[in-house]
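Okay, structure first, notes after.
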Amino acid sequence: MNQNVPQPADLVHAMPDPALVVDAQGVVAFANELAVELLDTEPARRHLSASLRVPAVLEAVTAAISGEGPGSVDYEIRVPVPRSFRAHVSCLGPGKGALIVLRDLTREQQIERMRADFVANASHELRTPLAALSGFLETIQGAAKSDPKAQEKFLGLMKSQAERMRRLIDDLLSLSRIEMNEHVRPSGEVDLNQVSAHVRDVLSGMAKDFDCELTLESDGPLTIAGSRDELVQVIQNLAENALKYGSSGKRVEMVVHKNGEWAEVSVRDHGPGISEQHIPRLTERFYRVNVQDSRSRGGTGLGLAIVKHIVNRHRGRLVITSELGKGSTFMMKLPLKG
Ligand code: ADP
């Protein structure tokens, strides 16, 4: 045998998915490491049915061995964790057995589900203010037709619903723009201290309205590679949230700090805090601890999702810590170099 010619077993081992070859009797001739790992047993030299107990796949293998064209079967496993697979089964030639390749569809299906959920959530979020707008319009045309005072009141309510829709659409567009660019690293130079000072100035009015002190503490200029507009959006979002949800603590502190290889910007409030089970989900789109509370404060539930995407694009990390009754700290860590 020529040692330099690849053997069938080499091909199976080189495949990027779990793969097995069975002979004409259905006995496994070779299985690659991924298949051994997936089936949690060494399937070689035993009948396939001993390691892969999925009747539909075994039927497809029998059909392929008897010369039928390639086929595929989708199946699910429940243990140790639920996962979905597609088994591609093809005949290797008359009397030569079959090749079975198993593709893990779990992630693809998860993404598909997330996309469908997102569309459903976004439509629902837009439909709510739209329904309110239609209701107010009807009232103005009907019951309040000849009541200028009531009309004025409803027009005001309509304005706030229209603004809510605008905020939602702005956030959705922002999210999609950032997602599209997420793999491209931003190239500008940004001084995080200057950006944070800008945010503090922009939000000084809001802080006053909330009767809350917004402070900035820093070691001086701290320059990193990034997009200024996006980093303004992150810091502003975090500071706005701290004011919106944590103003009862009377103080919101922004700190810009160099920590080894990282530039850190943290926003700390002394408000009610967030209970532990919500923290990992805060950056999911439309996730809110309290939907009514968020809506009444003009929230869209997209702010932290946008923050996470921007931080990812900057190859950074978002660290959230919180203690009930004590307050929360949202920290963005960005790499200083490369
Ligand atoms: P929203 O538009 O609702 O503010 P975000 O994505 O910015 O959406 O935040 C998601 C949720 O996280 C908020 O609805 C709120 O429940 C919670 N949250 C964010 N920041 C804070 C904070 N500083 N303190 C308490 N809860 C917060």
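The values are calculated or read from the model by the stated rules, or taken from the named source; none is laboratory data. Keep in mind it's a predicted model, so treat the numbers as computed, not measured. Don't worry about glycine lacking a Cβ; one is built from the backbone with ideal geometry, like all the others, and counts go over all protein chains shown. The area values use the complete protein model at the heavy-atom level, side chains included, leaving out ligands, DNA and RNA. Shrake-Rupley method; radii C 1.70, N 1.55, O 1.52, S 1.80 Å.
Structure summary
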| quantity | calculated |
| --- | --- |
| Leading residue by the ranking (farthest from the ligand (Cβ to nearest atom)) among those in the stretch 272-282 that are within 17 Å of the chain's Cα centre (by Cα) and either surrounded by 19 or more Cβ atoms within 10 Å (Cβ to Cβ) or among the aliphatic types (A, V, I, L, M) (or both) | ILE279 |
| Hits in the stretch 298-338 - residues which are within 13 Å of LYS244 (Cβ to Cβ) and either surrounded by 15 or more Cβ atoms within 10 Å (Cβ to Cβ) or aliphatic (A, V, I, L, M) (or both) | GLY299, THR300, GLY301, GLY303, LEU304, SER328, PHE330 |
| Qualifying residue in the stretch 313-327 (condition: of a type in the set (Ser, Thr, Tyr), near the ligand (Cβ under 10 Å from one of its atoms) and at pLDDT below 95) | no |
| Qualifying residue in the stretch 32-43 (condition: assigned to a loop (DSSP other than H, G, I, E, B), at positive phi and surrounded by 13 or more Cβ atoms within 10 Å (Cβ to Cβ)) | no |
| Pair list, Cβ < 7 Å and 6+ apart or interchain, from the stretch 240-262 residues that are closer than 29 Å to ASP293 by Cβ and of a type outside the set (Asp, Glu) to residues that are open to solvent by 30 Å² or more (accessible area, probe 1.4 Å) and assigned to a helix (DSSP H, G or I) | LEU243/MET206; MET254/ARG200 |
| Lone qualifier among ALA56, ALA64 - being part of a helix (DSSP H, G or I), touching a residue at least 12 places away in the same chain (Cβ under 8 Å) and open to solvent by less than 20 Å² (accessible area, probe 1.4 Å) | ALA64 |
| Filter result for ILE169 (open to solvent by less than 90 Å² (accessible area, probe 1.4 Å), in contact with a Leu (Cβ under 6 Å, 6 or more places away or on another chain) and farther than 30 Å from ALA263 by Cβ) | no |
| Filter result for ASP269 (away from the ligand (no atom under 14 Å from the Cβ), open to solvent by 10 Å² or more (accessible area, probe 1.4 Å) and acidic (Asp, Glu)) | no |
| Lone qualifier among GLU112, GLU125 - being modelled with pLDDT under 95, exposed (fewer than 12 other Cβ atoms within 10 Å of the Cβ) and not assigned by TED's automatic domain parsing to the domain that holds PRO55 | GLU112 |
